[in-house]
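This report concerns only the one structure given below.
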Amino acid sequence: MIRLIFEEVMLDPEGYFKDPHELIAYPGFDALQKRKILKAWELDVTLLQVCDEENMGADQDTRLLSRIHQAIHEIEERF
């Protein structure tokens, strides 16, 4: 298993994980770190949605944002 660096993942979560649940399953970060990464990912996707409101990619961003929200909820339940 490759050990990821928290600060680097915070800058580009989607560059390291294809899906938010991959992040949840990753054993190298604790729950608080995972929540911070998910919140950063949420902000990234939200900002992309604002920029791409008229673009066809918005549906994909909406689905990803929904999966991020589900993952945040799962992490918060573990606290």
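What follows is calculated from the coordinates using simple rules that are stated; it is not laboratory data. Note that the structure is predicted; figures quoted are calculated from it, not measured. A quick note on method: Cβ atoms are made from the backbone with ideal geometry, for glycine too, and the neighbour counts reach across all protein chains shown.
Numbers at a glance
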quantity	calculated
Neighbour-count ranking [beta-carbon atoms within 10 angstrom, fewest first] of His73, His21	His73, His21
Largest-first principal axis extents of the Cα set of the range 6-78 (Å)	37, 25, 16
C-alpha long axis of helix 58-78 to longest principal axis of the chain, angle in °	30
